[in-house]
Amino acid sequence: GTIYKGKDRIPAGEDFVKRLQERQLPYILVTNNTTRTPEMVQEMLATSFNIKTPLETIYTATLATIDYVIGETGLKKAVAEAGYREDSENPAYVVVGLDTNLTYEKLTLATLAIQKGAVFIGTNPDLNIPTERGLLPGAGAILFLLEKATRVKPIIIGKPEAVIMNKALDRLGVKRHEAIMVGDNYLTDITAGIKNDIAT
């Protein structure tokens with residue numbers, strides 16, 4: 001929405017990133033989008049939106065969720081070496097993000113697992129995602145459905161919550177008062193700044 005909208009370019013957003021790069025000002029692109037890996041975001045920005053940016057400048061709600069659920073590097077490595085195991089019957093966590101292939105069965109598995117006590121985590125609260133087609137249902141809409149079905153509120157990781165903002169500041173290596181949050185969505189981007197004492 002700030003750098004691009006669906007497949008539409010936003011030239012001012014492109015220029016803004018280039019000016020940050022020219023002035024060697026540290027920046028991080030914080031996105032609630034969980035449908036692309038950071039590598040996919042990097043490639044898309046370069047090929048479709050004329051923005052070449054290092055991989056470490058892209059921080060997704062997926063990465064923030066992993067940081068929250070798994071912990072820091074040492075623990076992540078140990079868990080990865082031990083091997084992740086998907087357990088659809090009795091999982092420890094139910095992590096919900098945007099799923100364009102959502103089925104009733106997936107919702108059923110998530111509902112039952114949460115009812116059995118799995119920790120309910122939402123990657124982001126976006127009710128809609130802006131596209132060239134218009135505002136489509138976002139991860140927040142799926143979370144709302146599951147919250148009503150289970151009567152359990154999810155732990156939200158993405159903007160506007162503190163988890164993603166604190167991790168983004170850590171990655172950027174700047175203090176809260178040195179940062180500026182730029183965004184197009186009041187409910188996620190601007191509220192993220194306001195709620196976390198970051199200028200917007």
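The values are calculated or read from the model by the stated rules, or taken from the named source; none is laboratory data. Owing to the predicted nature of the structure, the values given are computational and were not obtained by experimental measurement. Note that each Cβ is placed from the backbone with ideal geometry, even for glycine, and that neighbours are counted across all protein chains shown. Just so you know, the surface numbers come from the protein's heavy atoms only, side chains and all, with ligands and any DNA or RNA stripped out. Shrake-Rupley method; radii C 1.70, N 1.55, O 1.52, S 1.80 Å.
Per residue, how much accessible area does the chain have with a 1.4 Å probe, in Å²?
Values: 11810 Å² over 200 residues.
I get 59 Å² per residue for this part.
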Inset, instruction - Order the following by accessible area, largest value first: Phe49, Phe144. Probe radius 1.4 Å; ligands, DNA and RNA are ignored. - result: Phe144, Phe49
Inset, instruction - Work out the length of the dipole vector of the chain about its Cα centre, built from +1 on the beta-carbon of each Lys and Arg and -1 on the beta-carbon of each Asp and Glu, and round it to the nearest 20 debye. - result: 240 debye
Inset, instruction - Take the alpha-carbon centre of the stretch 182-200, take the same for the stretch 99-128, and report the distance between them in whole Å. - result: 26 Å
Legend entry - Largest to smallest accessible area among Ile114, Ile129 [probe 1.4 Å]: Ile129, Ile114
Legend entry - Dipole of the stretch 150-200, positive direction: furthest Cα of Val163, Val174, Thr150, with charges on the beta-carbon: Thr150
Inset, instruction - With springs connecting C-alpha atoms under 10 Å apart, model the chain as a Gaussian network and identify which of Asn124, Asn50, Asn32 has the largest mean-square fluctuation. - result: Asn50
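Relative contact order for the chain: what percent, with Cα pairs under 8 Å and sequence separation of 6 or more? Kindly include the intermediate steps, with their values, before the conclusion.
Working: 288 pairs, mean separation 39.4, N = 200.
Value for the chain: 20 percent.
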Inset, instruction - Can you spot the lysines whose alpha carbon is less than 16 Å from Lys5's alpha carbon? Ignore those fewer than 8 places along the same chain. - result: none
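Tell me the carbon and sulfur percent of the accessible area for the stretch 102-200, rounded to whole percent, probe radius 1.4 Å. Numbers along the way, then the final one.
Details: 3230 of 5510 Å².
Of the solvent-accessible surface of the stretch 102-200, carbon and sulfur hold 59 percent.
Compute the Kirkwood hydrodynamic radius of the stretch 1-55, taking the inverse of the mean of 1/r over all pairs of distinct Cα atoms, and give it in Å to one decimal. Spell out each step's value before the answer.
On the way: mean 1/r = 0.0860 Å⁻¹.
Roughly 11.6 Å, rounded to one decimal.
Between Asn101 and Lys148, how high is the FRET efficiency from 1/(1 + (r/R0)^6) when r is the Cβ-Cβ distance and R₀ = 22 Å? Nearest 0.05. Kindly include the intermediate steps, with their values, before the conclusion.
Working: r = 21 Å, r/R0 = 0.98.
Between Asn101 and Lys148 the formula returns 0.55.
Which shape class, rounded, prolate or oblate, goes with the stretch 89-174 when its Cα gyration tensor gives a ≥ b ≥ c as root eigenvalues, a/c under 1.5 marks rounded, and past that a/b bigger than b/c marks prolate?
Numbers: a/c = 2.38, a/b = 1.25, b/c = 1.90.
Because a/c hits 1.5 or more and a/b fails to exceed b/c, the stretch 89-174 counts as oblate.
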Inset, instruction - Could you sort out which of Lys7/Lys159; Lys175/Lys195; Lys52/Lys159; Lys159/Lys195; Lys106/Lys148; Lys167/Lys195 sit more than 18 Å apart by Cα distance in this structure? - result: Lys7/Lys159; Lys52/Lys159
